[in-house]
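Before any comments, here is the structure.
The values are calculated or read from the model by the stated rules, or taken from the named source; none is laboratory data. Being a predicted model, the structure only gives us computed values, none of them experimental. No Cβ is skipped: glycine too gets one built from the backbone with ideal geometry, and neighbour counts run over all protein chains shown.
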Amino acid sequence: MNGAPGVRAVEKLLPSIREELSVDFCITNGENAADGLGITPRLAERILAAGTDVITLGNHTWRRKEVLSYLGETDRVIRPANLSKHAPGRGMTVVDGVAVINVLGQLFLAPPYGPWEVIDELVAEARASTPVIVVDFHGEATSEKVAMAAYLDGKVTAVLGTHTHIQTNDARVLPGGTAAITDAGMTGPHDSVIGVVTELAVEQMRTGVPIRFRTAAGGVRLEGVLLECGEDGRATSCELVRYELEQ
Ligand SMILES: [Fe+2]
């Protein structure tokens, strides 16, 4: 989700969506909550209070310094596991019988080490607690996300892509019982360039001169995927979710 419009959409829509779709567990990628860059403890608490069980983060994890101590205190907000081992926070959590793993792709995002170096250990650790395991693969490249989903097929419940903000048309359940999508989409303003005021994003790309970005306001939607799985952790369905926020 992205910026104040994204937080507003989560607060206004998520409680009724949870009820309407009988949702047992909700994961939100919140790394763009604070005006597009990072998250603050206060915003995290609002997103959790609105009906999110676990918040994942990404390449903008450290943008807001307030989050440093907060990540060490909570088990409901996790950051990519393949950031520095010396940084605060964790890359995997188990809440109410659901394990959530967060990793960062290696293309363009330059994590200290690749997701492939940590994923086996994380999945083994998660499986020791529960068969229901959801991986948020925060990455730029479709190929990395598809490859990770194929690699983890039969080992986890779902591999859900985030970071690119454009909901992709490939929600599916793989033969081994792992649900997958390359990008779950964006909860935030869609009259924009992936959340940023269009004119500002275009101007920076056209001129090459850095410009301070602002979060856009129009066309606010809540997007995501709805997963179903059995007690054995095998996914049985993976469907796109999209709701418009009346403004
Ligand atoms: Fe990101």
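Just so you know, in segment 96-108 the residues that are of a type in the set (Val, Ile, Thr) and touching a residue at least 60 places away in the same chain (Cβ under 8 Å) include one that is farthest from the ligand (Cβ to nearest atom), and it is VAL98. Taken residue by residue, segment 98-108 has at least one member that is modelled with pLDDT under 95 and either out of contact with any strand residue (DSSP E or B) (no Cβ under 9 Å at 6 or more places or on another chain) or surrounded by fewer than 22 Cβ atoms within 10 Å (Cβ to Cβ) (or both). Comparison of GLY177, GLY89 shows that the only residue that is small (Gly, Ala, Ser), touching a Leu at 6+ places or on another chain (Cβ under 6 Å), over 23 Å from GLY219 (Cβ atoms) and at pLDDT 95 or above is GLY89. Scanning segment 113-147 for residues that are within 16 Å of the ligand (Cβ to nearest atom) and either of a type outside the set (Gly, Ala, Ser) or closer than 22 Å to VAL77 by Cβ (or both) yields PRO115, VAL135, ASP136, PHE137, HIS138, GLY139, GLU140, THR142, GLU144, LYS145.
Looking at the structure I just gave you, is PRO111 in a loop (DSSP other than H, G, I, E, B) and without any contact (Cβ under 8 Å) to a residue 24 or more places away in the chain? Working first, answer last.
On the way: in a loop (DSSP other than H, G, I, E, B): yes; without any contact (Cβ under 8 Å) to a residue 24 or more places away in the chain: no.
Considered against the rule, which asks whether it is in a loop (DSSP other than H, G, I, E, B) and without any contact (Cβ under 8 Å) to a residue 24 or more places away in the chain, PRO111 comes out as no.
Residues in segment 19-48 that are more than 23 Å from GLU228 (Cα to Cα), surrounded by fewer than 21 Cβ atoms within 10 Å (Cβ to Cβ) and out of contact with any His (no Cβ under 6 Å at 6 or more places or on another chain): ASP35, THR40, PRO41, ARG42, GLU45, ARG46. Restricting the search to segment 214-240, which residues are touching a strand residue (DSSP E or B) at 6+ places or on another chain (Cβ under 8 Å) and either surrounded by fewer than 18 Cβ atoms within 10 Å (Cβ to Cβ) or of a type in the set (Lys, Arg) (or both)? Residues satisfying the conditions are ARG214, ALA217, GLY218, GLY219, ARG221, LEU226, GLU228, GLY230, THR236, SER237, GLU239, LEU240. On the given criteria, is GLY72 at negative phi, at pLDDT below 95 and out of contact with any Phe, Trp or Tyr (no Cβ under 7 Å at 6 or more places or on another chain)? Criteria met by GLY72. For segment 51-68, the criterion of a residue being more than 16 Å from the ligand (Cβ to nearest atom), over 17 Å from the mean Cα position of the chain (by Cα) and charged (D, E, K, R) is satisfied by at least one position.
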